[in-house]
1. Would you confirm, using the coordinates I've provided, whether L46 is among the aliphatic types (A, V, I, L, M), surrounded by fewer than 16 Cβ atoms within 10 Å (Cβ to Cβ) and at negative phi?
2. Name the strands (runs of 3 or more DSSP E) wholly inside region 70-115 in which the number of residues that are crowded, with 17+ Cβ neighbours inside 10 Å and at pLDDT below 95 is 1 or more.
3. Within region 36-65, track down each residue that is charged (D, E, K, R), within 15 Å of the ligand (Cβ to nearest atom) and in contact (Cβ under 8 Å) with a residue 60 or more places away in the chain.
Amino acid sequence: MKLTISFTALFIACSATLSAFAAPLDKRDVWSPPVLYPHEGTVWKLGARHNVTWDASNPPKLISNGAAIYLRRTNGMLQPALAEGFDLRTGRQEITVPSSFEPGDDYRVVLFGDSGNWSPEFTIERA
Ligand SMILES: *[C@@H]1O[C@H](CO)[C@@H](O)[C@H](O)[C@H]1NC(C)=O
């Protein structure tokens, strides 16, 4: 009996979690593809060029807002954008790490599709 209740509770918890994730996908005009690179453990150098990549499978037919890539740190988004107006369907965009930025281990890439998607934290160090 106790076991049955636990499974029921687990099922309810899982369903709630799944529907929270599924909700944006059901609305076919919202797409925030997950960032694949940079990921945890990535180290970039200031001034270096890299391809930011993301999972571009299952794009919606219509992507309504402009694409953009920003870096952010714990305290907020950093200007300028590293890239803007590229095609989200390609799954990658070459960027240059601005030489003027400070080294740090709390960087994230933010990919804007129809809504923002953050990479895990990674490190940028001096060249
Ligand atoms: C980014 O990817 C393209 C296509 O694979 C490649 O030609 C280019 O050299 C890559 N850029 C970097 C900085 O790795």
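1. On the way: among the aliphatic types (A, V, I, L, M): yes; surrounded by fewer than 16 Cβ atoms within 10 Å (Cβ to Cβ): no; at negative phi: yes.
So L46 fails the test.
2. Working: elements: 76-84, 92-96, 104-112.
Counting at least 1 such residues, we get 104-112.
3. First pass over region 36-65, keeping only residues charged (D, E, K, R): 40, 45, 49, 55, 61.
Next, from what is left, pick out any that are within 15 Å of the ligand (Cβ to nearest atom): 45, 49.
Matches in region 36-65: K45 only.
The values are calculated or read from the model by the stated rules, or taken from the named source; none is laboratory data. Remember, it's a predicted structure, so these values are computed and weren't measured experimentally. We place every Cβ from the backbone using ideal geometry, glycine too, and count neighbours over all the protein chains shown.
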